[in-house]
Amino acid sequence: MLRISRVALRPAYGLGRRAISQSSKAIKSEVVFPGSVKSSFTDKLKFNDPSQAEPMPTYRLFGVDGKQLDEEYELPFNQEESVKMYREMLTISIMDSIMYDAQRQGRFSFYMMSAGEEGAAIGSAAALRPDDVMFAQYREQGALLHRGVTLKEFMAQLYANKDDYGKGRNMPVHYQSQKLNIHPISSPLATQISHASGAAYALKIQGGDKCVICYFGEGAASEGDFHAALNIAATRSCPVIFFCRNNGYAISTPSLEQYKGDGIASRGVGYGIDTIRVDGNDLAAVHRVTEEARKIAVRDQKPVLVEAMSYRVSHHSTSDDSFAYRSRQEVEDWKKRDNPISRMRKWMEARNWWSEEEEQSARKEIKKQVLSAFSSAEKVEKPALKYLFEDTYDQLTEPLKQQKEELKRLLEEYPDHYNVSEYEGGKSSLD
Ligand SMILES: Cc1ncc(C[n+]2csc(CCOP(=O)(O)OP(=O)(O)O)c2C)c(N)n1
Ligand SMILES: [Mg+2]
């Protein structure tokens with residue numbers, strides 16, 4: 001068989017259309033299809049069978065028993081930094097359990113827990129710089145906490161009080177922080193992924209050394225937006241870290257019913273994106289992987305995909321009872337077997353960086369802080385009623401003006417049906 005190196009025939013990838021058409025002036029003995037990247041010709045008819053391909057391995061630094069696997073490797077963080085991240089995991093886990101119970105008591109409308117995924121969120125956020133731009137899905141409160149969102153800010157959003165940056169217009173858990181470069185969370189799945197590619201393209205045009213991180217679940221990766229976002233980021237070479245949390249479920253749909261291929265990681269490779277799979281229960285491994293991903297994104301100005309494997313220990317949300325579609329035993333087994341908090345605690349204790357006494361006093365102190373933030377937020381007034389109508393248009397449109405007048409009329413006509421005193425400025429904010 002005649003073997004012709006396509007490298008010799010084709011101009012270097014990236015030279016563009018002009019270079020290709022120039023080379024076509026000279027008649028070559030072999031064709032190079034414009035859409036083929038590196039394919040050579042073969043006379044063997046063979047379909048690629050993905051089930052025969054080697055699955056992408058899952059990188060980890062620490063085993064379930066807390067033992068460091070590569071003993072040569074030196075952790076990039078000291079005792080103080082480790083304790084800080086560990087305490088952040090405890091804070092999220094305690095906040096989640098208190099807010100879950102508070103929602104069940106009817107004190108606010110909705111909550112989402114992140115039990116089992118604290119390590120992936122905090123380990124990744126800790127590897128970034130404060131001015132890297134963050135897009136989250138809704139289960140990454142750990143990343144937000146690490147970036148600097150305070151308990152007061154979490155609570156203001158959950159209670160939709162007047163301190164909420166979204167002015168009480170969104171459902172709980174839709175956090176945002178302009179000052180911390182965190183875009184508002186939005187419920188329609190995967191919309192943040194294409195926004196993230198766009199933001200990364202803007203950063204690229206501006207120049208500089210920032211990147212974007214975009215969190216999403218493996219279920220969100222079934223949306224068309226995921227594919228469009230990865231493809232545009234790859235073809236436009238945008239500095240974005242796509243961080244997929246593969247927690248085994250999209251509400252009641254198990255991951256293995258969402259795809260037939262090698263998880264979400266294989267799709268990154270398909271789009272020509274540098275990709276790695278990591279053990280999401282291993283905070284140190286997630287940190288290392290994200291640090292490397294950041295280097296690639298910023299230095300080479302291109303996207304990276306990280307698939308962090310974990311298990312969603314909690315129900316999907318306060319509107320879900322997951323025991324309708326998975327056994328209690330499955331969840332109990334996961335809780336006992338491994339989770340990011342117990343794994344990190346083991347390796348910290350092995351270094352004498354943490355003890356049972358410190359654990360007890362940290363948990364007590366954090367619980368007090370969360371309860372205090374939560375009861376203060378409950379007492380703060382709600383945002384002014386006028387915000388119902390503002391901020392979509394620069395000036396109120398005629399229909400909006402009419403709706404505002406109508407609301408005022410209803411409040412005056414039925415004062416017993418509406419407790420306007422809990423809103424900043426009461427009825428008068430509509431004047
Ligand atoms: C476009 C769209 N379709 C469906 C939903 C309903 N929905 C909310 S969360 C969710 C599951 C998402 O799963 P995954 O992305 O894996 O994230 P996880 O909840 O596991 O963290 C679904 C289907 C939605 N919010 N938006
Ligand atoms: Mg999921």
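The values are calculated or read from the model by the stated rules, or taken from the named source; none is laboratory data. What you see is a predicted model, and the numbers here were worked out from it, not measured in a lab. Positions of Cβ are backbone-derived with ideal geometry, glycine not excepted, and every protein chain shown enters the neighbour counts.
Here are the numbers for the structure shown:
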item: Any hit, the stretch 81-103, residues being in a loop (DSSP other than H, G, I, E, B) and touching a residue at least 12 places away in the same chain (Cβ under 8 Å); result: no
item: Filter result for residue 256 (away from ligand 1 (no atom under 14 Å from the Cβ) and either over 17 Å from the mean Cα position of the chain (by Cα) or over 30 Å from residue 83 (Cα atoms) (or both)); result: no
item: Selected residue (only one of 251, 241, 232 is within 16 Å of ligand 1 (Cβ to nearest atom), modelled with pLDDT of 95 or more, of a type in the set (Val, Ile, Thr) and in contact with a Ser or Thr (Cβ under 9 Å, 6 or more places away or on another chain)); result: 251
item: Qualifying residue in the stretch 275-288 (condition: in the same structural domain as residue 128 (by the TED database), within 14 Å of ligand 1 (Cβ to nearest atom) and under 22 Å from residue 117 (Cα atoms)); result: yes
item: Test for residue 215: is it within 15 Å of the chain's Cα centre (by Cα) and not small (Gly, Ala, Ser); result: yes
item: Among the candidates 21, 51, residue that is loosely packed, with under 13 Cβ neighbours inside 10 Å, at pLDDT below 95 and more than 31 Å from the chain's Cα centre (by Cα); result: 21
item: Condition met for residue 302 (closer than 24 Å to residue 50 by Cβ, in the same structural domain as residue 208 (by the TED database), basic (Lys, Arg) and more than 16 Å from ligand 2 (Cβ to nearest atom)); result: no
item: Test: residue in the stretch 318-340 that is within 15 Å of ligand 1 (Cβ to nearest atom), within 19 Å of residue 193 (Cβ to Cβ) and in contact (Cβ under 8 Å) with a residue 40 or more places away in the chain; result: no
item: Selected residue (only one of 165, 201 is in a helix (DSSP H, G or I), aromatic (Phe, Trp, Tyr) and farther than 22 Å from residue 97 by Cβ); result: 201
item: Residues of the stretch 191-218 that turn out to be in contact with a helix residue (DSSP H, G or I) (Cβ under 8 Å, 6 or more places away or on another chain), within 16 Å of ligand 2 (Cβ to nearest atom) and not hydroxyl-bearing (Ser, Thr, Tyr), as a count; result: 4
item: All positions within the stretch 307-340 that are buried (at least 18 other Cβ atoms within 10 Å of the Cβ) and in a helix (DSSP H, G or I); result: 322, 331, 334, 340
item: Count of residues meeting criterion [farther than 16 Å from residue 310 by Cβ, in contact (Cβ under 8 Å) with a residue 60 or more places away in the chain and part of a helix (DSSP H, G or I)] in the stretch 246-268; result: 1
item: Residue pairs meeting the criteria (Cβ under 6 Å; at least 6 apart or on separate chains; first in contact (Cβ under 8 Å) with a residue 40 or more places away in the chain and farther than 15 Å from residue 271 by Cα, in the stretch 30-41; second of a type in the set (A, V, I, L, M, F, W, C) and assigned to a loop (DSSP other than H, G, I, E, B)); result: none
item: Qualifying residue in the stretch 271-286 (condition: within 16 Å of ligand 2 (Cβ to nearest atom) and of a type in the set (Lys, Arg)); result: yes
item: Close pairs (8 angstrom Cβ cut-off, 6 or more residues apart or separate chains): farther than 12 Å from residue 149 by Cβ in the stretch 169-182, part of a loop (DSSP other than H, G, I, E, B) and among the polar types (S, T, N, Q) anywhere; result: 171/109; 171/187; 172/109; 174/186; 174/187
item: Residue ID - farthest from ligand 1 (Cβ to nearest atom), chosen from residues in the stretch 187-221 that are surrounded by fewer than 17 Cβ atoms within 10 Å (Cβ to Cβ) and either closer than 20 Å to residue 277 by Cα or at pLDDT below 95 (or both); result: 208
item: Single residue of the stretch 222-238 satisfying the filter (part of a helix (DSSP H, G or I) and of a type in the set (Ser, Thr, Tyr)) that is farthest from residue 249 (Cα to Cα); result: 235
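Condition check ((1) within 30 Å of residue 63 (Cβ to Cβ); (2) of a type in the set (D, E, K, R); (3) assigned to a helix (DSSP H, G or I)) across all residues:
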| site | (1), (2), (3) |
| --- | --- |
| 343 | yes, yes, yes |
| 353 | yes, no, no |
| 363 | yes, yes, yes |
| 372 | no, no, yes |
| 376 | no, no, yes |
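Every residue, every condition in (1) in contact (Cβ under 8 Å) with a residue 12 or more places away in the chain; (2) outside the structural domain of residue 158 (by the TED database); (3) within 30 Å of residue 111 (Cβ to Cβ); (4) among the hydroxyl-bearing types (Ser, Thr, Tyr), yes or no:
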| position | (1), (2), (3), (4) |
| --- | --- |
| 349 | yes, no, no, no |
| 355 | no, no, no, yes |
| 360 | no, no, yes, no |
| 369 | yes, no, yes, no |
| 374 | yes, no, yes, no |
| 404 | yes, yes, no, no |
| 416 | no, yes, no, no |
| 420 | yes, yes, yes, no |
| 424 | yes, yes, yes, no |
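Conditions (1) touching an Asp or Glu at 6+ places or on another chain (Cβ under 7 Å); (2) of a type in the set (S, T, N, Q), marked per residue:
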| residue | (1), (2) |
| --- | --- |
| 361 | no, yes |
| 368 | no, no |
| 380 | yes, no |
| 390 | no, no |
